[in-house]
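Trainee: Here it is, the structure in full.
The values are calculated or read from the model by the stated rules, or taken from the named source; none is laboratory data. All values reported here derive from a predicted model rather than from experimental measurement. Here the Cβ is made from the backbone with ideal geometry for all residues, glycine too, and neighbour counts use every protein chain on show.
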Ligand SMILES: Cc1cc2nc3c(=O)[nH]c(=O)nc-3n(C[C@H](O)[C@H](O)[C@H](O)COP(=O)(O)OP(=O)(O)OC[C@H]3O[C@@H](n4cnc5c(N)ncnc54)[C@H](O)[C@@H]3O)c2cc1C
């Protein structure tokens, strides 16, 4: 492990995609930079693992969405190989009573409500319901089956809890992300393509290029600003810097002591946001065997609600991505690894066949149990507050610059947003005239 330097032109706090991209760009411009990361690994909300069959799976962010050009460019620059998602026109909808067919009364009820969300997200009145929870709004949906399906769709699209998320916050989120259809769609939407090597491999490749500038197990506890510089404290060590780039998600940044205190707008942002709850699993098979009987993309709205995607790479093996959000994720996260694998796969058996119960390997992560990331996919606004609407506050505070996906003006919440925010802070720092030589 590299020893901590006493000083750097720029200290970047957090080795997620935004922190590593910012550090890499600063380093390429000849600016002396170090990255301090609390965890014992780089990546933050991206994390790649190698399966028993030698393929790569992402336990965190994985999909390149439509229009995520910076993500595409970074992947190409770092030598990663992109492939398109296999995707049906419509996912299968099912619950513990079986498939929800198009003719079922629940289908038009769910579709009408989704269209209602989409429409309302463009109407001025969306502003007035910031104290109304999504559960209250969903009471008008005629069937319990449709209500449950909508609850699961909300959980999987933003990892929110319908008892905690306001109608206004959800509508803002939909509008900002370019519509519910884009958010839910695979081909041509937010789940358009993947990387054979895994999105998490980009963090590892950036860290490799930065070498000993990246310091792991360095949780920043305090940041002091004085007239001449910044003093960053991690455990028992201190590092001085001319500038600092903060990439920690807002509710987690609340754990860092800033002296003097940050402006009120930042204090409110840190207090009035929380990370969504999310559990993600990858089941790996010799082949995508289910394709002989149909597609695997589905939303299951039974007692355990979750979404499934066929994310298999083009030359195999078979990969199934399982996403569980909100309260369902919290319940699944309380189970042992074996118990959650059995529970989730037994729900897939009626649709994909008995072989689904025997994956060659199973990879999973309960993100809301990660002490340094706190959850996913991103920070959400507390009921009745507005500070967490995207993009969140990011004007520099003296010599502290703010990056991280939540601060992006486009595609906040996604990897694309993390990269955009990194480019913006690098611009801010370079325009300030720091360290160019
Ligand atoms: C399960 C899941 C699925 C997702 N799916 C997708 C997807 O398919 N496509 C997509 O585009 N996006 C997806 N996302 C979102 C995407 O992963 C994030 O938007 C992106 O990775 C955020 O990067 P970041 O650098 O802004 O923040 P982070 O990755 O959160 O980085 C912040 C870093 O700061 C560190 N840190 C925290 N506290 C301290 C401290 N005190 N001192 C030092 N370091 C600290 C953390 O450990 C972390 O490494 C997903 C996220 C999750 C969790």
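Trainee: Considering only residues that are touching a strand residue (DSSP E or B) at 6+ places or on another chain (Cβ under 9 Å) and exposed (fewer than 15 other Cβ atoms within 10 Å of the Cβ), look in the stretch 55-81 and name the one that is nearest to residue 314 (Cα to Cα).
Mentor: 81
Trainee: With the checklist (1) more than 13 Å from the ligand (Cβ to nearest atom); (2) touching a residue at least 24 places away in the same chain (Cβ under 8 Å) in hand, flag the one item residue 420 doesn't pass.
Mentor: Of the numbered conditions (1) more than 13 Å from the ligand (Cβ to nearest atom); (2) touching a residue at least 24 places away in the same chain (Cβ under 8 Å), the odd one out for residue 420 is (1).
Trainee: What do you reckon, is residue 333 within 13 Å of the ligand (Cβ to nearest atom), out of contact with any strand residue (DSSP E or B) (no Cβ under 9 Å at 6 or more places or on another chain) and on the phi < 0 side of the Ramachandran plot?
Mentor: In short, no.
Trainee: Out of 94, 110, 75, I need the residue that is in a helix (DSSP H, G or I), touching a helix residue (DSSP H, G or I) at 6+ places or on another chain (Cβ under 8 Å) and modelled with pLDDT under 95. Which one?
Mentor: So the residue among 94, 110, 75 that is in a helix (DSSP H, G or I), touching a helix residue (DSSP H, G or I) at 6+ places or on another chain (Cβ under 8 Å) and modelled with pLDDT under 95 is 110.
Trainee: Which ones in the stretch 208-259 are in a loop (DSSP other than H, G, I, E, B) and surrounded by fewer than 21 Cβ atoms within 10 Å (Cβ to Cβ)?
Mentor: Looking only at the stretch 208-259, we keep the residues that are in a loop (DSSP other than H, G, I, E, B), and these are 216-219, 226-229, 235-236, 247-249, 254-256.
If the condition is that a residue be in a loop (DSSP other than H, G, I, E, B) and surrounded by fewer than 21 Cβ atoms within 10 Å (Cβ to Cβ), then 216, 217, 219, 226, 227, 228, 229, 235, 236, 254, 255, 256 are the ones that fit.
Trainee: What residue, among those in the stretch 359-403 that are more than 16 Å from the ligand (Cβ to nearest atom) and without any contact (Cβ under 8 Å) to a residue 60 or more places away in the chain, is surrounded by the fewest Cβ atoms within 10 Å (Cβ to Cβ)?
Mentor: 395
Trainee: Going through the stretch 269-320 one residue at a time, which ones are assigned to a loop (DSSP other than H, G, I, E, B), surrounded by 22 or more Cβ atoms within 10 Å (Cβ to Cβ) and in contact with a helix residue (DSSP H, G or I) (Cβ under 7 Å, 6 or more places away or on another chain)?
Mentor: 276, 277, 296
Trainee: Identify, from the list 194, 165, 171, the residue that is more than 13 Å from the ligand (Cβ to nearest atom), modelled with pLDDT of 95 or more and under 19 Å from the mean Cα position of the chain (by Cα).
Mentor: Sole residue among the options that is more than 13 Å from the ligand (Cβ to nearest atom), modelled with pLDDT of 95 or more and under 19 Å from the mean Cα position of the chain (by Cα): 165.
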